[in-house]
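The values are calculated or read from the model by the stated rules, or taken from the named source; none is laboratory data. Note that the structure is predicted; figures quoted are calculated from it, not measured. Please note: Cβ atoms are built from the backbone with ideal geometry, for glycine as well, and neighbour counts cover all protein chains shown.
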Amino acid sequence: MKIGFDAKRLFNNFTGLGNYSRFVVNALLDYAPGNEYLLYTPKRRNHPEVNAVTDRKDVSVITPSSLYTFFKAGSIWRTWGIAKERTALDLDVFHGLSNELPANLPQRIRKIVTVHDLIFLRYPMFYNPIDVRIYEAKVKAACRSADRVIAISRQTADDVISFLGIPDSKIDVVYQGCHPQFKQAKSKEEIAKVKRQYNLPDQYMLNVGTIEIRKNVIFAVQALGLLPPSSRIPLVIMGRETTYKKSVITAARQAGVIDSIIFLHDAAFLDFPAIYQGAQLFVYPSLFEGFGIPLVEALESGIPAITSKGSCFTEAAGPDSIYVDPSDVEEMALQMNMLLSQLEIRQQMISAGKRFIEKFAPSKIASQLMSVYETT
């Protein structure tokens, strides 16, 4: 079988969508051998994460002709030019890995698109209105032209039905796994080294994600202020900063915990596992996600998690994580304090979390993807 991918994110993004794209292709290479995998990208990039995929057997990379490159028209090629590539004519399947599909692919090619979330439609106030219209037009066109739509969670599947009018019978829920580096247990010495590198304390709670309103990290800061000073440990907030950071700082000052907040914006992705594994507790009070991959990373790293009720969070964090109303600060503080003081409960949650995330193993996801490709 010849399987093509819209691989722009695989080559050029090194967080969410890029990690997903590389995870999918690597999983298929490992557990669905014998196929040919063609990566279509407007621009090729030399990077260790990318090379680990492109250097493998049965992988080909297709880029636009020099004419597209000269006029810097890679986006036009990605939408309209891929279908005209000679290699595309021989494909059995084309999989758009990030909400989009090329136009005018031959009818006989089975077309699959992964939809990660429709947050821009659920919370349009967080986006530029023009961007919302562009994103909506692209994902709607992709879902309508696709033979199958892959949603990365049941929550996303429900949103595709609700916002785009796509029938449930056309949608498959296939979860995503986290980067394999999170499976590597770090030694005490490695964790201590990373803590020294980033000036982290011996004990801390961790929050990971872009520091923006939807992630609701102010909620965790306010809850920290309600903890007894004797049991309070710092909160490390790791992620890209936005103007919302100013509000977080203001909330920390008002709660009297500004000295217990540590922002970490420049951590190397290779250091993430040690930073996760060095934490006592993961707090993720986000209001809404398409899936919530940091929760999977936390469970894989052996950290108990407190997250929000609703949305997709139970799908990512499983039945043994703790869920709180993301507006009930007192409940969050109570659960933080309970976990910080109860080592036995933390250990039970860690063991249960490890069992739960076996469902996100690359072998299982590759099998589910091949089932979608073969039965479309």
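Checked against the criterion of being at pLDDT 95 or above and within 25 Å of residue 341 (Cβ to Cβ), the range 240-250 contains not a single residue that satisfies it.
Residue by residue, here is whether (1) at pLDDT 95 or above; (2) of a type in the set (Val, Ile, Thr); (3) in contact with an Asp or Glu (Cβ under 6 Å, 6 or more places away or on another chain); (4) under 23 Å from residue 293 (Cβ atoms) holds:
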{"site": "170", "(1), (2), (3), (4)": "yes, no, no, no"}
{"site": "193", "(1), (2), (3), (4)": "yes, no, no, no"}
{"site": "196", "(1), (2), (3), (4)": "yes, no, no, no"}
{"site": "199", "(1), (2), (3), (4)": "yes, no, no, no"}
{"site": "203", "(1), (2), (3), (4)": "yes, no, no, no"}
{"site": "224", "(1), (2), (3), (4)": "yes, no, no, no"}
{"site": "230", "(1), (2), (3), (4)": "no, no, no, no"}
{"site": "233", "(1), (2), (3), (4)": "yes, yes, no, no"}
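With a requirement of 2 or more residues that are crowded, with 21+ Cβ neighbours inside 10 Å, the helices (runs of 4 or more DSSP H) lying completely within the range 104-194 that satisfy it span 129-145, 154-164. Kindly evaluate residue 340 against the criterion of being touching a Lys or Arg at 6+ places or on another chain (Cβ under 9 Å) and modelled with pLDDT of 95 or more. Yes, satisfied. For first residues located in the range 46-66 and free of Cβ contacts under 8 Å to residues at least 24 places away in the same chain and in the same structural domain as residue 23 (by TED's automatic domain parsing), partners that are assigned to a helix (DSSP H, G or I) and of a type in the set (Gly, Ala, Ser) and lie 6+ apart or on another chain with Cβ distances below 8 Å form the pairs 64/74; 64/81.
Tally time: how many residues in the range 172-192 are of a type in the set (D, E, K, R) and free of Cβ contacts under 8 Å to residues at least 60 places away in the same chain? Even if it seems obvious, please write down each step before you answer.
Here is the first cut: in the range 172-192, the residues of a type in the set (D, E, K, R) are 172, 183, 186, 188-190.
Filter once more, keeping what is free of Cβ contacts under 8 Å to residues at least 60 places away in the same chain: 188-189.
Number satisfying all stated conditions: 2.
In this structure, residue 345 does not satisfy being surrounded by 15 or more Cβ atoms within 10 Å (Cβ to Cβ), farther than 23 Å from residue 97 by Cβ and touching a helix residue (DSSP H, G or I) at 6+ places or on another chain (Cβ under 9 Å).
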